[in-house]
1. Beyond a 19 Å Cα-Cα separation, which of these cross-linked pairs lie in this structure: LYS38/LYS131; LYS23/LYS103; LYS103/LYS156; LYS113/LYS143; LYS71/LYS103?
2. Going highest first, how would you order 140-153, 55-68 by mean Cβ packing within 10 Å?
3. With a/c under 1.5 counting as rounded, go ahead and sort the stretch 3-71 into rounded, prolate or oblate using the C-alpha gyration tensor (a ≥ b ≥ c being the square roots of the eigenvalues; past the cut-off, prolate if a/b is larger than b/c, else oblate).
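Derivation of every value follows stated rules applied to the coordinates shown; laboratory data play no part. Here the structure is a predicted model, which is why all the values come from computation and not from measurement. Here the Cβ is made from the backbone with ideal geometry for all residues, glycine too, and neighbour counts use every protein chain on show.
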Amino acid sequence: MSGESWFNEYVDAVYSYILMLVKDSHTAEDLTQETFVKVLANEQQFKGDSSVKTWIFRIAYTTTMNHFRKKNPLTYYFDVHVLDSQRHNASAEETVLLNTQHKQFYEALNRLKKSYQQVIILRKIQGFSTKEASSILNWSEGKVKMSLLRALQAFKKELEKGGFSIETFIR
């Protein structure tokens with residue numbers, strides 16, 4: 001199989017995956033295209049250490065996370081899911097509090113090591129199952145579970161340094 005047949009076989013699945021992350025069809029289309037440009041450019045680097053699908057999804061994940069990093073990923077998440085639902089009835093003081101909480105959340109998450117950031121984003125923010133996160137990260141399910149436990153403990157400590165609790169953000 002080659003990059004072109006991989007495209008035909010996986011494009012719909014990759015698009016659906018990215019769309020779940022970005023929640024915008026135009027952005028998902030662009031990131032899907034960027035993913036497959038990378039797949040085609042790097043197909044000679046595929047060694048067969050994992051399935052083709054896992055390799056492609058890892059590229060999709062990296063491409064999407066790079067997009068979020070450029071756009072400030074948690075701003076996107078909070079703007080779409082939290083702030084919009086609360087803005088309509090928020091006073092100026094509540095808006096300032098929400099912005100402060102958002103900043104604290106983002107800064108605390110950024111202080112964690114990358115593997116902790118990834119597992120929190122996939123499992124708690126994006127809502128992927130342990131099995132899905134394991135596939136995307138190419139980790140065992142046990143590692144995902146243990147990393148999430150440790151990540152949430154570390155995240156809780158970081159939030160508490162700023163006077164917040166993890167329950168404010170993650171349920």
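1. Checking Cα-Cα distances, LYS38/LYS131; LYS23/LYS103 exceed 19 Å.
2. Highest mean packing first, the order is 55-68, 140-153.
3. Working: a/c = 1.95, a/b = 1.59, b/c = 1.23.
Because a/c hits 1.5 or more and a/b exceeds b/c, the stretch 3-71 counts as prolate.
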